[in-house]
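The values are calculated or read from the model by the stated rules, or taken from the named source; none is laboratory data. Worth saying up front: this structure is predicted, and the values here are computed from it rather than measured. In this analysis, Cβ positions are derived from the backbone assuming ideal geometry, glycine residues included, and neighbour counts consider all displayed protein chains. Note: areas computed on protein heavy atoms with side chains; ligands, DNA, RNA excluded. Shrake-Rupley method; radii C 1.70, N 1.55, O 1.52, S 1.80 Å.
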Amino acid sequence: MRVFVAVDLPAPEKTRVMAAFTPIRRAGMPFRWIEPEAAHLTLQFLGQVDDPVIGAIRAALRVTAARHTPFSMQLRGAGVFPDVHRPAVLWLGVAPCKPLLALQSDVARALAALDFEPERRPFHPHVTVARARRDAARQAFAGLAALVPAVTHEASISVDEVHLMQSHLSRTGARYESVAAARLGEGNTA
């Protein structure tokens with residue numbers, strides 16, 4: 001099973017996020033757009049995991065989530081990895097607030113104890129909305145530098161759980177399914 005740990009977005013917000021990128025979509029650039037229901041914030045990608053390990057991951061997420069209280073995170077700003085001249089990923093930004101950074105760090109530590117390698121790159125919270133087609137010519141993205149700053153979507157999202165998500169890959173794109181959820185602060189008396 002191919003899995004990752006994520007913060008899911010509420011369904012109405014997923015639709016608003018994707019709508020914010022309509023001007024870029026209309027420009028006809030060679031991006032593969034995610035379906036709105038797939039919008040999420042990845043905390044850690046785990047990759048292919050054998051079924052017997054899933055139970056240990058679920059338990060680790062429950063313990064980790066219980067140590068954190070619900071919080072709000074801010075969605076704002078758009079960007080591109082690695083840059084607008086050679087785009088690979090188009091994203092909506094997530095402000096790196098202390099509770100989110102602490103949760104991500106704690107999830108990484110808990111999963112490292114289960115022998116999952118932590119991400120080498122610094123955590124840059126974002127919601128992926130599109131990926132550039134691999135066969136796209138660089139010049140096909142002319143004008144992207146002007147369109148990205150025009151994405152002005154902003155929202156405050158309540159975060160009260162983390163999900164273990166399964167990724168189902170196909171030629172038409174990935175579909176994600178929550179296989180477990182761990183509520184923040186569950187079991188806390190404070």
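Data table
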read-out	value
Matching option when the condition is within 29 Å of R138 (Cα to Cα) and at pLDDT 95 or above, among L75, L61	L75
Condition check for Q104: in contact with a Phe, Trp or Tyr (Cβ under 9 Å, 6 or more places away or on another chain), open to solvent by 20 Å² or more (accessible area, probe 1.4 Å) and not aromatic (F, W, Y)	yes
Flag for V5 being more than 28 Å from P149 (Cβ to Cβ), surrounded by 14 or more Cβ atoms within 10 Å (Cβ to Cβ) and at pLDDT 95 or above	yes
Number of the exception - V49 against (1) within 14 Å of the chain's Cα centre (by Cα); (2) open to solvent by less than 60 Å² (accessible area, probe 1.4 Å)	(1)
In segment 122-142, residue surrounded by the fewest Cβ atoms within 10 Å (Cβ to Cβ) [restricted to those that are under 13 Å from G28 (Cα atoms) and in contact with a helix residue (DSSP H, G or I) (Cβ under 9 Å, 6 or more places away or on another chain)]	R133
Segment 4-35: number of residues that are under 26 Å from S72 (Cβ atoms) and touching a strand residue (DSSP E or B) at 6+ places or on another chain (Cβ under 9 Å)	16
Top-ranked residue in segment 143-186 [being among the basic types (K, R) and surrounded by 13 or more Cβ atoms within 10 Å (Cβ to Cβ); ranked as farthest from A39 (Cα to Cα)]	R183
Qualifying residue in segment 102-116 (condition: more than 17 Å from the chain's Cα centre (by Cα), at pLDDT below 95 and either among the basic types (K, R) or under 18 Å from A27 (Cα atoms) (or both))	no
Output for segment 143-190, where each listed residue is under 14 Å from the mean Cα position of the chain (by Cα) and either within 16 Å of T128 (Cβ to Cβ) or among the basic types (K, R) (or both)	I157, H163, M165, S167, A174, R175, Y176
The listed residue being surrounded by 15 or more Cβ atoms within 10 Å (Cβ to Cβ), free of Cβ contacts under 8 Å to residues at least 60 places away in the same chain and closer than 23 Å to T152 by Cβ, out of W33, W91	W91
Any hit, segment 59-71, residues being more than 20 Å from D8 (Cα to Cα), in a helix (DSSP H, G or I) and hydroxyl-bearing (S, T, Y)	no
Selection from segment 53-76 of residues that are open to solvent by 50 Å² or more (accessible area, probe 1.4 Å) and closer than 24 Å to R175 by Cβ	V53, R58
Subset of segment 36-52 [more than 30 Å from T22 (Cβ to Cβ) and either at pLDDT 95 or above or in contact with a strand residue (DSSP E or B) (Cβ under 9 Å, 6 or more places away or on another chain) (or both)]	Q44, L46, G47, Q48, V49
Test: residue in segment 107-121 that is open to solvent by less than 30 Å² (accessible area, probe 1.4 Å), over 24 Å from R62 (Cα atoms), in contact with a Pro (Cβ under 9 Å, 6 or more places away or on another chain) and in contact (Cβ under 8 Å) with a residue 12 or more places away in the chain	no
